[in-house]
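*Asks:* Input: one structure, supplied below.
The values are calculated or read from the model by the stated rules, or taken from the named source; none is laboratory data. None of the values given here were measured: they were computed from a predicted structure. Don't worry about glycine lacking a Cβ; one is built from the backbone with ideal geometry, like all the others, and counts go over all protein chains shown. Just the protein is used for accessible areas: all its heavy atoms, side chains included, with ligands, DNA and RNA removed. Shrake-Rupley method; radii C 1.70, N 1.55, O 1.52, S 1.80 Å.
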Amino acid sequence: MTASPNAAAESLPTLLKNYFLRTTRSQHGLNQRIISRGLFDFGKILDIYAEHGVDPAWTRHIALEDAAQDISPSDPTRRVLLKPPDKVDHYVFLQNEYLVPGVRVFRLKNIYISYDVTNFGRAQYYIFSEDKALVNGLFFGGDPFLEDPIATIEGTSVFADDFFARFNICHLLFDKLPRAYGAWRDWGATNAIFMSGTPYVQDLFDLFGITAVIPGPKQRRGTLFVRDCIVFSDSFNQLHHPARMGSPLHLEALQALRARIKSSLPVPDDVPDRFFITRAPDLPRAIENADAVNMILARHGFVGGDPATMSPREQMAFFQKVSVLAGAHGAGLSNLTFMDPGSTVIELLPPLCATGAYWSMSDRLGLSYRHLLCDDPELGPVNALGIKHNGANNRHNIVVPEAALDDLLGSLDSRRG
């Protein structure tokens, strides 16, 4: 149990109220106990409180069917099979077949959305009906609250966010953009509600004529009143990152984005054919033998740089012309979204903590995926097949095996020659 440092001493009601995200993701069996039809059930949470003699601050709720129109199963349950990599040497590759749960879409009128992202690791969202009853199933958290609205959002909107509330280009492109795109395509939504963002967010949505509605850094907790709102069920549960493993909606959204970039953004003249993503010194997963690695990369025709130094639109245009993209596991590799099919992605994988996001998205977008298992600075070479994912190791730096990198890049050279 990893919900909090003192989890063993805390009651289940306390964990549900204060550590809902960590508790529901880490405590085996809890999800099934508080879920009905794929969504969190507030009635079942109230039952847990009653079992423990806890008097919750909020009890009034309304059935989803009475508050919202079930528009459609936007993305039905699907079975996805990914192409295995050339070498299965990391735990992220142990599973290549997925059953992706379906997603339902709801339209609600005159609703209240309460949010608290003061601590992004404890994100909370609650949707209330016009008469201020919690809409069962459309919440994430165990302690509902409703305050006077800080703003009213007119027109048709989409709640595009989810419990990964901190800005991250990977989640923005692969999870949040497709929700906004689907609501814009099917119901004319011109507002997309997010809890955090940067200029990148608005630059991205300007391409579709969508306004990004972001409460702002000083409004981490509050309530919005929304006249007309499209809501996707995976904003609250069963988020299957990345991009629902390439669902039709998600792939169409990314293809539509690429088309708008090609038609509206000029491509720089000096884009290198091979590009290596460098990482700022304060970011996790820094390459400890970077000098030697940079020399090897340069010998094989790579130019290095940090995408964060470019404007959002410059990034989108730049990566259209890159044919080989390499970098350590991290959000910068999300720029593979803009590369042409048939291009190559090379991921330097940390042995102790990673996800298969860039492998799976390369597969779904028609890119060639290669990887290199790196060493840990303290442990050296690690049997990455024999460990389990542990987010606590996310900030470990990496050591790139230099001879293996040279061989990998050499194989690309020979294929090009």
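*Asks:* Out of curiosity, is D70 touching a Phe, Trp or Tyr at 6+ places or on another chain (Cβ under 8 Å) and either at pLDDT 95 or above or assigned to a strand (DSSP E or B) (or both)?
*Replies:* Judged against the criteria, D70 is a match.
*Asks:* Then there is this: Considering region 67-92 alone, what residues qualify as being open to solvent by 80 Å² or more (accessible area, probe 1.4 Å) and without any contact (Cβ under 8 Å) to a residue 40 or more places away in the chain? Give the steps one after another, and end with the answer.
*Replies:* Residues of region 67-92 that are open to solvent by 80 Å² or more (accessible area, probe 1.4 Å), as a first pass: 69-70, 73, 77, 79, 81, 83, 86-87.
Listed by number, the residues that qualify are Q69, D70, P73, T77, R79, L81.
*Asks:* Still on this structure, please answer the following. Looking at (1) surrounded by fewer than 19 Cβ atoms within 10 Å (Cβ to Cβ); (2) closer than 26 Å to Y358 by Cα; (3) aromatic (F, W, Y), find the lone condition where F232 falls short.
*Replies:* Status for F232: all satisfied but (1).
*Asks:* Provide a single number: the residues in region 100-142 that are open to solvent by 10 Å² or more (accessible area, probe 1.4 Å) and touching a Ser or Thr at 6+ places or on another chain (Cβ under 7 Å).
*Replies:* 4
*Asks:* Is there a residue being in contact with a Ser or Thr (Cβ under 7 Å, 6 or more places away or on another chain), among the basic types (K, R) and open to solvent by 70 Å² or more (accessible area, probe 1.4 Å) anywhere in region 20-34?
*Replies:* Among the residues of region 20-34, at least one is in contact with a Ser or Thr (Cβ under 7 Å, 6 or more places away or on another chain), among the basic types (K, R) and open to solvent by 70 Å² or more (accessible area, probe 1.4 Å), which makes the answer yes.
*Asks:* Scan region 162-176 for residues that are of a type outside the set (K, R) and open to solvent by less than 30 Å² (accessible area, probe 1.4 Å) and jot them down.
*Replies:* Looking only at region 162-176, we keep the residues that are of a type outside the set (K, R), and these are 162-165, 167-175.
Of everything in region 162-176, those that are of a type outside the set (K, R) and open to solvent by less than 30 Å² (accessible area, probe 1.4 Å) turn out to be D162, F163, A165, I169, C170, H171, L172, L173, F174, D175.
*Asks:* Still on this model: If you scan region 374-398, which residues turn out to be of a type in the set (A, V, I, L, M), surrounded by 20 or more Cβ atoms within 10 Å (Cβ to Cβ) and over 22 Å from H241 (Cα atoms)? Write out each step before concluding.
*Replies:* Here is the first cut: in region 374-398, the residues of a type in the set (A, V, I, L, M) are 379, 382, 384-385, 387, 392, 398.
Checking the rest, the ones that are also surrounded by 20 or more Cβ atoms within 10 Å (Cβ to Cβ) come to 384, 398.
Across region 374-398, the qualifying residue is only I398.
*Asks:* Scan (1) more than 26 Å from T355 (Cα to Cα); (2) at pLDDT below 95; (3) open to solvent by less than 50 Å² (accessible area, probe 1.4 Å) for the single condition R260 breaks and write down its number.
*Replies:* Checking R260 against (1) more than 26 Å from T355 (Cα to Cα); (2) at pLDDT below 95; (3) open to solvent by less than 50 Å² (accessible area, probe 1.4 Å), the one that fails is (3).
*Asks:* If you don't mind, another one. Residue by residue through region 145-161, note down the ones that are within 30 Å of P56 (Cα to Cα) and surrounded by fewer than 22 Cβ atoms within 10 Å (Cβ to Cβ).
*Replies:* F145, L146, E147, D148, P149, I150, A151, T152, I153
*Asks:* Another question about this same structure. Filter region 280-311 for residues that are more than 21 Å from L373 (Cβ to Cβ) and crowded, with 18+ Cβ neighbours inside 10 Å and give the result.
*Replies:* Scanning region 280-311 gives a single hit, P307.
*Asks:* Just the residues that are open to solvent by less than 10 Å² (accessible area, probe 1.4 Å), in contact with an Asp or Glu (Cβ under 9 Å, 6 or more places away or on another chain) and assigned to a helix (DSSP H, G or I), please, taken from region 177-212.
*Replies:* As a first pass, look at region 177-212 and keep what is open to solvent by less than 10 Å² (accessible area, probe 1.4 Å): 177-180, 182-183, 189, 192-195, 201, 204-205, 210.
Adding the requirement that they be in contact with an Asp or Glu (Cβ under 9 Å, 6 or more places away or on another chain) leaves 178-179, 182, 189, 192-195.
P178, R179, G182, listed by residue number.
*Asks:* Separate question: In region 118-138, how many are more than 18 Å from F194 (Cβ to Cβ), in a strand (DSSP E or B) and not small (G, A, S)?
*Replies:* 4
*Asks:* Which one of L108, L99 is among the hydrophobic types (A, V, I, L, M, F, W, C), part of a strand (DSSP E or B) and touching a Lys or Arg at 6+ places or on another chain (Cβ under 8 Å)?
*Replies:* Being among the hydrophobic types (A, V, I, L, M, F, W, C), part of a strand (DSSP E or B) and touching a Lys or Arg at 6+ places or on another chain (Cβ under 8 Å) holds for just one of L108, L99, which is L99.
*Asks:* For T156, indicate whether it is out of contact with any helix residue (DSSP H, G or I) (no Cβ under 9 Å at 6 or more places or on another chain) and of a type in the set (S, T, Y).
*Replies:* The answer is no for T156.
*Asks:* I'd like to check something: does region 324-339 contain any residue that is in a loop (DSSP other than H, G, I, E, B), touching a residue at least 60 places away in the same chain (Cβ under 8 Å) and open to solvent by less than 30 Å² (accessible area, probe 1.4 Å)?
*Replies:* No, region 324-339 has no match at all.
*Asks:* Then there is this: Looking at region 295-312, can you tell me whether even one residue there is assigned to a helix (DSSP H, G or I), out of contact with any His (no Cβ under 9 Å at 6 or more places or on another chain), of a type in the set (G, A, S) and modelled with pLDDT of 95 or more?
*Replies:* Yes: one or more hits.
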